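Let me begin by presenting the structure, written as structure tokens, before commenting on it.
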Amino acid sequence: DFASADYTIYYHVNGYSHPRLPVLTGNQVRLLAWGLIPSNVKDAVEAFGARNKALTAEAETIFTDPVFSRCILKARGVLLAEGFFEWRDFEGRKYPYFIRGVKLLPIGCTLSEWRNPATGRLHTTFAVVTTQAPDAGDGDSGPARRMPLIVTDMDQWLDPRLQREDLALLIVPF
């Protein structure tokens with residue numbers, strides 16, 4: 001599913017543009033659209049609205065939220081990114097601040113498959129799992145409220161047999 005010729009390299013990406021990004025699913029990297037479309041969506045109009053509301057899945061409600069509770073248990077992936085941006089306040093203005101990994105940051109995602117009934121086309125989409133961010137502690141910038149889930153054990157995260165209790169232990173702030 002993934003060929004480097006099909007991939008656009010982004011410096012800064014906006015989730016509302018629903019870009020196709022490299023996500024590790026099992027033993028393959030696939031280009032998947034950002035913005036989860038739940039499998040029970042009825043048509044393309046509803047799908048468009050749903051994906052705009054499902055860019056991120058909060059760790060605190062992921063097991064109870066009707067959009068994500070089934071997805072997180074069924075299908076997970078790892079978004080491969082060099083880092084992510086957080087907004088920082090400095091002297092009354094907001095600035096983007098890039099959080100970079102040593103190599104690629106493994107960002108936890110939940111996946112969903114939706115078949116468009118009008119076209120028959122299967123869409124595999126994802127939402128980034130987010131957690132509470134640790135306190136930035138640098139005075140001027142203030143702490144970020146949320147951050148992507150950084151996956152520390154990819155084999156375990158991607159294991160489809162993982163039970164809710166064990167999965168919950170993996171969804172913690174970095």
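The values are calculated or read from the model by the stated rules, or taken from the named source; none is laboratory data. All values reported here derive from a predicted model rather than from experimental measurement. Here the Cβ is made from the backbone with ideal geometry for all residues, glycine too, and neighbour counts use every protein chain on show. Protein only, heavy atoms only, side chains kept; ligands, DNA and RNA dropped before computing areas. Shrake-Rupley method; radii C 1.70, N 1.55, O 1.52, S 1.80 Å.
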Of the residues in the range 4-62, those that are open to solvent by 90 Å² or more (accessible area, probe 1.4 Å) and part of a strand (DSSP E or B) come to R20
Result of the Cβ filter at 9 Å on the range 30-59, keeping first residues that are over 18 Å from V78 (Cα atoms) and partners that are assigned to a strand (DSSP E or B) and open to solvent by 70 Å² or more (accessible area, probe 1.4 Å), at least 6 apart or interchain, is S39/E113; S39/R115
Notebook entry, point to check: Within the range 78-88, can one find any residue that is under 27 Å from L122 (Cβ atoms), open to solvent by 60 Å² or more (accessible area, probe 1.4 Å) and modelled with pLDDT under 90?
Noted result: no
The residue from R161, R70 that alone is part of a helix (DSSP H, G or I), at pLDDT 85 or above, of a type outside the set (F, W, Y) and open to solvent by 100 Å² or more (accessible area, probe 1.4 Å) is R70
Of those in the range 91-121 that are part of a loop (DSSP other than H, G, I, E, B) and within 23 Å of L31 (Cβ to Cβ), the residue least open to solvent (accessible area, probe 1.4 Å) is N116
